[in-house]
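These notes concern the structure reproduced below.
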Amino acid sequence: MAMQDLTPLLSQPGTSIAIIGATDRPGKYGGIIYRDMKAKGFPVLAVNPYRSTVDGDECWPSVKVLPETPTIAVFVIPAKRGLDVLAECAEAGIENIWIQPGAFSADLQTALEQGDFNWIANACVMVRARVAAV
């Protein structure tokens, strides 16, 4: 599928967001985005195979083991890991993929276009959430 704007999902009640690459490391976008979306009132799920908690919340090693299927998976990971995580999203039934700036690649674009995903790339979810009413 072609890229599309997922911003309207941010104004729908009950939208939950998995932050792939969530972290407590200061200055890292995975943590900044996690805390920002949490502060905006979104139900957020931290995903990072190297952490057990993020911001005091449980963190899961993979989207495949999340307790619920999130509305959106936000990729805040190196582009080279994106293909593996995208395959996990497909297995987990996650259809809406948001690729943060710096996490996108041509290979990932090809996989997104060939898969059954609604997706957006190179758009910051924090910026888009500012204009969406939660």
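The values are calculated or read from the model by the stated rules, or taken from the named source; none is laboratory data. None of these values were measured; they are calculated from a predicted model. We place every Cβ from the backbone using ideal geometry, glycine too, and count neighbours over all the protein chains shown. Side chains included, ligands, DNA and RNA excluded: accessible areas come from the protein's heavy atoms. Shrake-Rupley method; radii C 1.70, N 1.55, O 1.52, S 1.80 Å.
Quick notes on this one:
- Angstrom value of the Kirkwood radius, inverse mean 1/r, which spans all Cα pairs in the chain: 14.4 Å
- Whole-percent carbon and sulfur share, accessible surface of region 31-108, 1.4 Å: 50 percent
- In order along region 70-79, the phi-based Karplus estimate (6.51 cos²θ - 1.76 cosθ + 1.60, θ = phi - 60°) of 3J(HN,Hα) comes to x, 5, 9, 10, 9, 8, 10, 9, x, 3 Hz; Gly and Pro are listed as x.
- Whole-Hz ³J(HN,Hα) from phi, Karplus 6.51 cos²θ - 1.76 cosθ + 1.60, for region 107-124, glycine and proline x: 5, 5, 4, 4, 5, 5, 5, 7, x, 9, 10, 9, 8, 9, 9, 6, 10, 7
- Magnitude of the charge dipole, region 65-115, Cβ model with Lys/Arg +1 and Asp/Glu -1, debye to 20: 200 debye
- Within a straight-line Cα-Cα reach of under 24 Å, Lys40 can be paired with the following lysines, leaving aside sequence neighbours fewer than 8 residues apart in one chain: Lys28.
- Prolate/oblate/rounded label for region 24-73 (Cα gyration tensor, a/c 1.5): oblate
- Annotation: aspartates and glutamates with alpha-carbon distance below 18 angstrom to Lys38 (same-chain offsets under eight excluded): Asp24, Asp55, Asp57, Glu58, Glu68.
- The length gained by stretching the chain between Ser62 and Val131 to full extension, at 0.36 nm per residue less their Cα-Cα distance, is 21.9 nm.
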